[in-house]
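Novice: Quick one: the structure is below, and I'll ask about it shortly.
The values are calculated or read from the model by the stated rules, or taken from the named source; none is laboratory data. Not measured: the values here are computed from a predicted model. Cβ placement follows ideal geometry from the backbone for every residue including glycine, while neighbour counts extend to all protein chains displayed. Heavy atoms of the whole protein, side chains included, go into the accessibility calculation; ligands, DNA and RNA do not. Shrake-Rupley method; radii C 1.70, N 1.55, O 1.52, S 1.80 Å.
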Amino acid sequence: MKTIAIMTTGGDCSGLNSVIRNLATQGLRRGHRILGILDGTDGLTQDFAPNFVEFDYNTLPPEEANMAGSWLRNGNRHALNFETAKKTGLYEKFTTRMRKSLKAMNLDALVVIGGNGSLSIAAKSQSVYGNLQLIGIPKTIDMDIPATDTTIGFDTAVNGLSTFCNQLMLTGRSHHRWFVVQAMGREVGALALHAGIATGADAILIPEIKFDVGNLCRHIENIQKEQGRDYGIIIVAEGIKLRGHSGQPADMISRELTKRNINNRTAFPEHTQRTGDTIATDRILAARFATAALDAIDNNETYVMTSLDGSTVKTVPISEMINRGAAKPDPNIPNMFIANAFVPDDHPLLSVAVSMGAYIGEIKKTGINNSTR
Ligand code: F6P
């Protein structure tokens, strides 16, 4: 029997509760004691720390496990985390409290369900986590975590965003207008790309591929002229930039379309991309990642994260994330690197988008197959 704590950190996404319930119920069935830390690192560092619940089979019932958000919550905006503690000179106080709370909880293992920031920092925080078995489970709608083919929450976000776009397409048709939809994703275009394909968007702009706004407008004009369709979806990732423009990327593109008399509106699905009942593929991934995390704990592994590799779920050292990704220095913590994963030039969906007739930018200089254009 081991005492295992679960913690959710960083931005939420749909699927967290499926992971939590699976860890709790599968862990209980194996004879472990399962605790849930409340409010991420706040639950380990605030005055009332350690703040946690102990799970039984009914603590998080199955009908609630498929709803968005984190039942354990992710932390208060004003409370400290590793980065803000460093920035404000409170790092020693913060980490001392973390150590004290983890010791008081008498833990054998800690499962951190986190994004690229939390997992990168956890990988380098042995001085805080000490001999605990530390297991990461990757989650994010941004799909920016290296060393895994997918993350908890991504499929549900793609599904929600595609549904949103499909609905806009219907009102767009009524009013002969295009919708410029801004997808989340930080500096990564994976969410926009996947939702763009699922929706049948006519243009998909992502930070990884340079685009020419004049060519984008000509592409839309051609569809109007040659296909006789004057509505549709242009999906833009929030990380794109347009020289000489500031403000929201969707607004920048919209202004350029308007200049060319292309009737359009913008739409910002914003945090709805992190909500919605968890879809089946994410629920299944959650169950599989929980099994792999518990197997790792039972096998005495530590500083590993669960990973989907093709159709196989396995654990890999968390450090692989940083070694395999495009790591960048953390602006707040010296000698700390945050792993990042971008859409590569050979991503199979890029040539599919081209084959579907979508404008995805100036791809001549990349390795993307444009033979169908
Ligand atoms: O990392 C997840 C994410 O939803 C990004 O896609 C987005 O840029 C950001 O978080 C939004 O953060 P906040 O919830 O703090 O506005």
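Novice: How far apart, in nm, are two points set 7 Å out from the Cα along the Cα-to-Cβ line at K103 and at Q227?
Specialist: Distance between label points: 6.4 nm.
Novice: Here is a follow-up. Could you please state, rounded to a whole Å, how far the C-alpha centre of region 202-232 is from the C-alpha centre of region 50-105?
Specialist: 45 Å
Novice: Also, I was wondering about something else. If you take every DSSP beta bridge whose two residues both sit in the chain, what share of them, in percent to the nearest 5, is antiparallel?
Specialist: So the antiparallel bridges in the chain amount to around 25 percent.
Novice: If the chain between N323 and T96 were fully stretched, how many nm would it gain, using 0.36 nm times the residue separation less the Cα-Cα distance?
Specialist: Using 0.36 nm per residue and subtracting the Cα-Cα distance, I get 78.9 nm.
Novice: With springs connecting C-alpha atoms under 10 Å apart, model the chain as a Gaussian network and identify which of R73, R173, R21 has the largest mean-square fluctuation.
Specialist: Greatest mean-square fluctuation among the candidates belongs to R173.
Novice: Summarise the accessible area of the chain (1.4 Å probe, protein heavy atoms) by the percent that is carbon and sulfur.
Specialist: Carbon plus sulfur share of accessible area: 48 percent.
Novice: Using Cα-Cα distances under 8 Å and only pairs 6 or more residues apart, what relative contact order does region 95-187 have, in percent?
Specialist: With pairs under 8 Å counted, the relative contact order is 23 percent.
Novice: Once phi is turned into θ = phi - 60°, what whole-Hz ³J(HN,Hα) does the Karplus curve with 6.51, -1.76 and 1.60 give for every residue of region 281-292, x standing for Gly and Pro?
Specialist: 5, 6, 5, 5, 4, 4, 5, 5, 5, 5, 4, 5
Novice: Using θ = phi - 60° and the Karplus form 6.51 cos²θ - 1.76 cosθ + 1.60, what ³J(HN,Hα) does each residue of region 318-329 get, whole Hz, x for Gly and Pro?
Specialist: 4, 4, 4, 4, 6, 5, 8, x, 9, 5, 10, x
Novice: Take every Cα pair under 8 Å in region 263-344 that's 6+ residues apart, average their separations, divide by the length, and report that relative contact order as a whole percent.
Specialist: Relative contact order of region 263-344: 16 percent.
Novice: Here's a follow-up. Taking θ as phi - 60°, what are the ³J(HN,Hα) couplings along region 152-167 by the Karplus curve (6.51, -1.76, 1.60), each to the nearest whole Hz, with x for Gly and Pro?
Specialist: 4, x, 5, 4, 5, 5, 4, 4, x, 5, 5, 4, 4, 5, 4, 5
Novice: Here is a follow-up. So if the hydrodynamic radius of the chain is defined as the Kirkwood radius over C-alpha pairs, what does Stokes-Einstein give as its diffusion coefficient at 10 °C and 1.306 mPa s, in µm² per second?
Specialist: Taking Rh from Cα pairs, D becomes 73 µm²/s.
Novice: Kirkwood Rh, region 209-356, all Cα pairs: how many Å?
Specialist: 19.8 Å
Novice: Moving on. Once you've got the GNM for the chain with C-alpha springs shorter than 10 Å, pick whichever of G325, G189, G40 has the biggest mean-square fluctuation.
Specialist: G325
Novice: If amide H atoms are built 1.01 Å from N in the plane of the peptide, which residues on other chains or at least 5 residues away come under 5 Å of the amide H of F211?
Specialist: E362
Novice: Tell me, what is the percent relative contact order of region 228-289, built from C-alpha pairs under 8 Å that lie six or more residues apart?
Specialist: 17 percent
Novice: Count the net charge of all other residues whose Cβ sits under 12 Å from the Cβ of A147, scoring Lys and Arg as +1 and Asp and Glu as -1.
Specialist: Net charge in that neighbourhood comes out at -2.
Novice: Further, regarding this structure: Taking the chain as a Gaussian network, Cα atoms linked when under 10 Å apart, which of P317, P61, P50 shows the biggest mean-square fluctuation?
Specialist: P61
Novice: Now for a different question. Cα convex hull of region 271-373: how many Å³ per residue?
Specialist: 192 Å³
Novice: Roughly how many nanometres apart are two label points built 7 Å out from the Cα toward the Cβ at K210 and K87?
Specialist: Calculated label separation equals 3.2 nm.
Novice: Rg to Rh ratio, region 197-254, alpha-carbon atoms and Kirkwood radius?
Specialist: 0.97
Novice: Which Rg and Dmax, in Å, describe the Cα atoms of region 73-163?
Specialist: Both quantities, over Cα of region 73-163: 15.3, 46 Å.
Novice: In nanometres, what is the gap between the two model label sites at T3 and K314, each 7 Å from Cα along Cα-to-Cβ?
Specialist: Placing both labels 7 Å along Cα→Cβ, they lie 3.4 nm apart.
Novice: Helix 91-104 versus the longest principal axis of the chain: what angle, 0 to 90°, nearest 10, using Cα atoms?
Specialist: It works out to around 60 degrees.
Novice: Using the Kirkwood formula on the Cα atoms of region 81-125, what hydrodynamic radius do you get, in angstrom to one decimal?
Specialist: 11.6 Å
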